[in-house]
Amino acid sequence: MKRIVVDPITRIEGHLRLELMLDDHGKVQDALSSGTAWRGIEVILKGRDPRDAWAFTGRICGVCTSEHSNVSLRAVEDALGIEIPKNANYIRNIMAGAIMAHDHLVHFYHLHALDWISPVAALKADPVAAARLQEAILSGYRLKVDAPFGHDYNAYSKETPRSSVHHFTEIQTKVKEIVDSGRLGIFAAHWWDHPDYDLLPPEVHLIAISHYLTTLDRQTDIMVPHVVFGGKNPHPHYAVGGMPCAISMNDMNAPINSNRLAMVDNSISMTHALVEEYYVPDVLAIAHMYLSKGRKDGGGLAKQRVLGYGDYPDNTFKGIDDFYTKILLRSNGIVENFAEGVEKATFYPFGSSDLTDMSVIKEGIDHSWYKYPDGSKELHPWQGVSEGNFQFTGVKEGKQWKQLDEQGKYSWLKTPTWRGKTAEVGPLARYIIVYTKVKQGHIQPNWVESMMVEQIEAASKLFELPPHVWLPTTVGRTVARALESQVCVALERYFFNKLIQNIRNGDTTVMNNEKWEPGAWPAKAQGVGVHEVPRGSLGHWIVIEKGLIKNYQAVVPTTWNACPRDEKGQHGAFERSMMDTDVKIADKPLEILRSIHSFDPCLACAAHLYDADGEQVSFIHTDPYI
């Protein structure tokens, strides 16, 4: 048995350490996933005004720059009984769709793509063959699945990937200059000699590198809705009770006017072009080639159990109970054993009572560096405690960690469970849940869910594989994220159209200030907000007393997926995916990186660690040029 340590995992948000135990045949027998930094935002929130919570929680993440703010607002508004105006709901949903599409695009091209494609391999490509292949990919891998209401995308901001020989020759020359210089920069420190890069033709590598660079230039255009409605990006502004952006079609100095709405319109069209012409065809083409070579590993926990909360309320709502009567994306539920076939999968419903029942959602700390009062090992988030209790029980050489102890505490992440069971969350989970609910007759699909089912069936036809074979895999997890980007852009357009129509009807209200002042609040209140975000199901739980936050807990998607095992030995999704992946070269576990990156990990943002005396323990630069 050989132990492999990968620390830190790069091209993610935050700090993650992986340890693998491999047998002589490259099979992962056991795996550890360790979050190695702690920020303590939940502790910082205690004693603060709940109207400010969105601004603090938004800083939990530097990538999904508004998702925590959005769900924090829902938690506070649930606790205080606030119903936001229609326009505010539409605007928040437009902004949510924008960050989802942005995150998925940036994740694939700039964080995950280099697990599949190589700039070094691109040097072997024939630009003439690459131009022909680009045309073939555009004609054969476009997934034309549109919302039934029609997108009405305007004539601006559209572009089709360039497919000329000159273009690919130019890109190849640029890449060659970088490689020949020996200073690979963004392409440095990777295993470019790994045999998996030979699974794709060199021309695919060249095409994908070209799109990597194009998307790098275009990503700011995707986030225009955040700048228009929220004033800036990252971390746009919000407000408890609605949105802080006044609407006027007559005042050209107003935050929201006809010119700025036109900017949002163009941004949605640009995003649509990037998704339809670049992202989805590229991912489907790469996935098809991998699946045709039998690469169906990495599913792990997705084969056993997935969980979702649901999202995108079609209209304004009051409280978590009402939320579940309004959502368009009904991915709320749990599906077990989807890998056995959709007919044999078991579906469990999930709603507001599951979020508030103290026995359903819990966080355990058996293998986490925390302690609970009275020796408790699991607590519901309303009762949650974030008291650090660092105890290193592994092997050290000086201050250098050599090996974590899987029998002891080994992560700053807690272990969330649903009715005592771990589960995978994320785009893959959402697709499995919606597909199962529709196919088993639990729901009559609306346009969003019909679109998702049609996407799955179109991809299954392309791959010549049933959904239960290709979806719960590393490839399927990556495909689901690309397909979801199509849905997100459609949701952006849908809610933008509703916003425009509501303004035309004379409604420009964006704020409900009836309960803005603390004097209108109850002495004690508690609330919960949920949101489906790029990496999965996000929940915030808040307890308010005497106008201030008494307790606050966020159970984030990467906590569900990257958690350590629980007291019963159940692994989280990261650990299970690694144990479901074969490794060709022990010292170059590219397959493991590909599987972990398919989740788009987002651990706590960078933090220094200090000992009990307040001295800095260590500060590690992962950039070799610092």
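By its C-alpha gyration tensor, with a ≥ b ≥ c as the square roots of the eigenvalues, how is the stretch 435-581 shaped: rounded for a/c under 1.5, else prolate for a/b larger than b/c, else oblate?
The shape class here is oblate.
Charges on Cβ only, +1 for Lys and Arg, -1 for Asp and Glu, centred on the Cα centroid of the chain; of L491, H442, I456, which one is farthest towards the dipole's positive end?
Ranked along the dipole, the leading option is H442.
HN-Hα J couplings of the stretch 435-446 from phi, Karplus 6.51/-1.76/1.60, θ = phi - 60°, integer Hz, Gly and Pro as x?
Those phi angles translate into 4, 5, 4, 6, 5, 8, x, 6, 9, 8, x, 7 Hz.
Counting only protein heavy atoms, what percent of the accessible surface of the chain is carbon or sulfur at a 1.4 Å probe?
Details: 11470 of 23120 Å².
Accessible surface attributable to carbon and sulfur in the chain totals 50 percent.
Could you work out the relative contact order of the chain? I mean the mean sequence separation of Cα pairs under 8 Å and 6+ apart, divided by the number of residues, in percent. The partial results should precede the final answer.
Working: 1277 pairs, mean separation 160.9, N = 626.
Worked out over the chain, it gives 26 percent.
In the set [x] 47; [y] 61; [z] 51, which value of percent of Cα pairs over 32 Å apart was calculated from the structure you see?
So the calculated entry is the one marked [x].
Can you tell me the relative contact order of the stretch 328-462? Whole percent, Cα pairs under 8 Å, sequence separation 6 or more. Each step should come with its number before you reach the end.
Numbers: 178 pairs, mean separation 36.1, N = 135.
Relative contact order for the stretch 328-462 comes out at 27 percent.
Going by average Cβ density within 10 Å per residue, which order do the peptides 499-512, 72-85 take, highest to lowest?
Values: 499-512: 15.1, 72-85: 24.0.
Highest-to-lowest ranking by the protection proxy: 72-85, 499-512.
What dipole magnitude, in Debye to the nearest 20, does the chain give about its Cα centre under +1 on Lys/Arg Cβ and -1 on Asp/Glu Cβ?
Computed charge dipole of the chain: roughly 340 debye.
Rounded, prolate or oblate: which fits the stretch 285-341 when a ≥ b ≥ c are the square roots of the eigenvalues of the alpha-carbon gyration tensor, with rounded for a/c under 1.5 and prolate only if a/b beats b/c? List each step's numbers first, then the result.
Numbers: a/c = 4.74, a/b = 2.28, b/c = 2.08.
It comes out prolate by the Cα gyration axes.
Scan around D30 for amide H atoms under 5 Å from its own, H built in the peptide plane at 1.01 Å from N, and keep only partners 5 or more places away or cross-chain.
Residues meeting the amide H criterion: M21.
Using packing as a proxy for protection, rank 301-311, 541-551 so that the peptide with the highest average count of other Cβ atoms within 10 Å comes first.
301-311, 541-551
So what is the accessible area of the chain per residue, in Å², with the probe set to 1.4 Å?
On the way: 23120 Å² over 626 residues.
Result: 37 Å² of accessible area for each residue.
Let me know the whole percent of all Cα-Cα pairs from the stretch 317-412 that are separated by more than 19 Å. Write out the running numbers ahead of the final one.
Numbers: 2888 of 4560 pairs.
Cα-Cα pairs in the stretch 317-412 separated by more than 19 Å: 63 percent.
Rounded, prolate or oblate: which fits the stretch 396-515, taking a ≥ b ≥ c as square roots of the Cα gyration tensor eigenvalues, rounded meaning a/c under 1.5, else prolate when a/b beats b/c? List each step's numbers first, then the result.
Details: a/c = 2.47, a/b = 1.41, b/c = 1.75.
It comes out oblate by the Cα gyration axes.
Past 25 Å, Cα to Cα, is the threshold; run K27/K439; K46/K362; K2/K584; K421/K588; K303/K584 against it and keep the listed order.
Working: K27/K439 35 Å; K46/K362 20 Å; K2/K584 13 Å; K421/K588 32 Å; K303/K584 23 Å.
Result: K27/K439; K421/K588 exceed 25 Å.
Based on the inverse mean of 1/r over its pairs of different Cα atoms, what is the Kirkwood hydrodynamic radius of the stretch 548-600, in Å?
Details: mean 1/r = 0.0773 Å⁻¹.
One over the average 1/r among Cα pairs gives 12.9 Å for the stretch 548-600.
The values are calculated or read from the model by the stated rules, or taken from the named source; none is laboratory data. All values reported here derive from a predicted model rather than from experimental measurement. Note: ideal-geometry Cβ built from the backbone for every residue, glycine included; neighbour counts use all protein chains shown. Note: accessible area is taken over every heavy atom of the protein model, side chains too, but ligands, DNA and RNA are not part of it. Shrake-Rupley method; radii C 1.70, N 1.55, O 1.52, S 1.80 Å.
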